[in-house]
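Shown next, in structure tokens, is the structure this report addresses.
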Amino acid sequence: MILYAPGVSTGLIDVPGVVDKDLSSMMGSVIGDKELELKAGESATLAVFRQNKSGGYRTYDVNNPLDLKEMLATDALTLLLKIKVDTQRPKP
């Protein structure tokens, strides 16, 4: 997955203490290989990283608020990569 915005750059950042290496993990793209076009004010979930103790993962629709609420309640850790398009332009 490639994210791009004009005038923006970042590197990899390690966030200690967030991911538990002793738990089962799964991650995946929500949008797959399809191109995503958003208009100003729209947002979308791009990817999910999940951890739990059991190692079994139920499939959820992260665009459904009830499914998302249940996933957040049942997993030990849920990280969502989301994007929102704003109307502000970067400063030169």
Considering region 21-30, residues that are surrounded by 13 or more Cβ atoms within 10 Å (Cβ to Cβ) and assigned to a loop (DSSP other than H, G, I, E, B), and then whichever is nearest to the chain's Cα centre (by Cα), we arrive at Val30
If the requirement is being among the acidic types (Asp, Glu), out of contact with any Gly (no Cβ under 6 Å at 6 or more places or on another chain) and modelled with pLDDT of 85 or more, which of these qualifies: Asp61, Asp86?
Asp61
Residue count, region 48-73, condition surrounded by 16 or more Cβ atoms within 10 Å (Cβ to Cβ) and under 16 Å from Val30 (Cα atoms), comes to 8
Of the residues in region 18-76 that are among the β-branched types (Val, Ile, Thr) and touching a residue at least 12 places away in the same chain (Cβ under 8 Å), the one that is nearest to Thr87 (Cα to Cα) is Thr45
Picked from region 40-92 (must be in a strand (DSSP E or B), of a type in the set (Gly, Ala, Ser) and over 24 Å from Asp22 (Cα atoms)), the residue nearest to the chain's Cα centre (by Cα) is Ala44
When region 82-92 is examined, which residues are found to be among the hydrophobic types (A, V, I, L, M, F, W, C) and either free of Cβ contacts under 8 Å to residues at least 40 places away in the same chain or touching a Pro at 6+ places or on another chain (Cβ under 9 Å) (or both)?
none
Residue count for region 27-68, restricted to those that are of a type in the set (S, T, N, Q) and under 14 Å from Leu79 (Cβ atoms):
4
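The values are calculated or read from the model by the stated rules, or taken from the named source; none is laboratory data. Because the structure is predicted, anything quoted here is derived from the model rather than measured. Every residue, glycine as well, gets a Cβ built from its backbone with ideal geometry; the counts of neighbours run over all protein chains shown.
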